[in-house]
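So the structure is just underneath, and the comments pick up after that.
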Amino acid sequence: MSRHTISLCRARLHSVRRIGETGKGQILLPAIRKARMKTSRQIATALALAVVGAAAWVRLDPGAYARLEPLGLGWLAGAPAAQHQAELPVGIPTVVAEPVRLAAVADQMTAIGDGRAFRSVTLRPEVSGRVVAVPVASGALVAAGEIIVSLDDEVQRIALERARLVRADAQTALERIERLHASGTTNEIQLIAARLTVETAELELRDAAHALEQRTIRAPIAGHVGLLDLDVGDQVTSNTDITVIDDRSRILVEFRMPERFAGRVRVGDALTTTTLSVMEAEAAEGKVHAIDNRVDPASRSFRVQGEIGNADDRFRSGMAFRIDMRFPGESLPAVPPLAVQWNAAGSYVWVVRSNVVERVAIRILQRDADRVLVQAALVPGDLVVSEGSQTLRPGQQVHVAPPDAPTTAASRVPAGTTPATETRRADGGRDI
């Protein structure tokens, strides 16, 4: 074989190798890139877990500050908190305590009552007659003395005129007899008879005027007129109810109270009323207006009238009201709601005296949103534990922290241990 042929074969073989190597590289390049990306993700995940673990260790390990301080990283563990914990003896729990205060027991009374106008008059005519005029409309506000209904009065007007004439004639006769008596023409008996005739005529005149006045029916009080079921021409008698006039500038609410309040309620005592017969309940402050002088032996209750203002005319006679009254009672110790604990024997509180806790049994008398009134061997100023009571035992020494300071199961926990945690259950108990 010639040299030229050998050189050509070598050149072709070299070209084939280059093509093979180039194809293999193109096939392996995506796999290499994928492996590198997977490794990067694993490294990032490991770093994130390491950061989270370090943060949890710094937060939960009380000795973290001591380990990081030589490295110049004590600030990561919160140096002030670590220094504060280092000042406390080992194993002494920190609690939040609040002083006992005195508060009055509120005895509350609730009743249902009916409202009525402060003054109410049913209008009836004094005499029978025919209606000739009704100058007011139903529901109108009238003043005292305003005309409501007029009856026919022609006969009464005639009688009044006759009485006036009789009285005038009697007066003229009296004057004539007095002149004659002065001249000695008449005797004393004639003068007395003339004077009696004048007085009788005056009485008849007054009677006729009164009969005429009875034909006009007027409002005896100021107030609102009820429905008027009358028309001109109707006949009425003294038994006919014309209308009802209510003075509802104030509303009286009548209700009953149990006999145990008989010696405690007084005229002028404050009360609160709430309407029951409207879509939106409306409350109004009032006072006790009157108290009955007897207790009903059947119901063991007594009647009371409350009074509420009605200047804006919101309330009506006959409305139903709920009445609430509060009576102050004796002063008792008041503790925070979080201070009350329970065990098999009942309720109790932890009391701190000279930085030592003791368990004091209590009896709950009244519970409010921000305090619990109890009967117990407590005096004002006693400190009761409101936070951090989950691991306490009688006679244990504690450190009292301010109310806004965090509490721990123990002031310092040895390294390698886990502090106890507290979980509140929905039923009011605790899981440690």
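The values are calculated or read from the model by the stated rules, or taken from the named source; none is laboratory data. Since this is a predicted model, take the numbers as computed values, not measurements. All Cβ positions, glycine included, derive from the backbone under ideal geometry; neighbour counts span all protein chains shown.
Remarks
- Residue among 378, 383, 373 that is closer than 24 Å to residue 105 by Cβ and under 29 Å from the mean Cα position of the chain (by Cα): 373
- With respect to the conditions (1) modelled with pLDDT under 90; (2) in a strand (DSSP E or B), residue 419 falls short on a single one, namely (2).
- Number of residues in segment 183-201 that are over 24 Å from residue 164 (Cβ atoms) and part of a helix (DSSP H, G or I): the value is 4.
- Taking segment 311-325 as the range and being more than 20 Å from the chain's Cα centre (by Cα) and of a type outside the set (A, V, I, L, M, F, W, C) as the test, the residues that pass are 312, 313, 316, 317, 318.
- Test: residue 341 is within 30 Å of residue 92 (Cβ to Cβ) and touching a residue at least 40 places away in the same chain (Cβ under 8 Å): yes
- Residue among 380, 333, 328 that is over 25 Å from residue 91 (Cβ atoms), in contact (Cβ under 8 Å) with a residue 60 or more places away in the chain and either in contact with a Cys (Cβ under 9 Å, 6 or more places away or on another chain) or not in a strand (DSSP E or B) (or both): 380
- Residues satisfying the stated conditions in segment 350-377, i.e. assigned to a strand (DSSP E or B) and not hydrophobic (A, V, I, L, M, F, W, C): 353, 358, 359, 363, 366, 367, 375
- Selection status of residue 135, farther than 22 Å from residue 204 by Cβ, without any contact (Cβ under 8 Å) to a residue 24 or more places away in the chain and not in a strand (DSSP E or B): yes
- Exclusive hit being of a type outside the set (A, V, I, L, M) and under 23 Å from residue 143 (Cβ atoms), set 241, 292, 269, 234: 241
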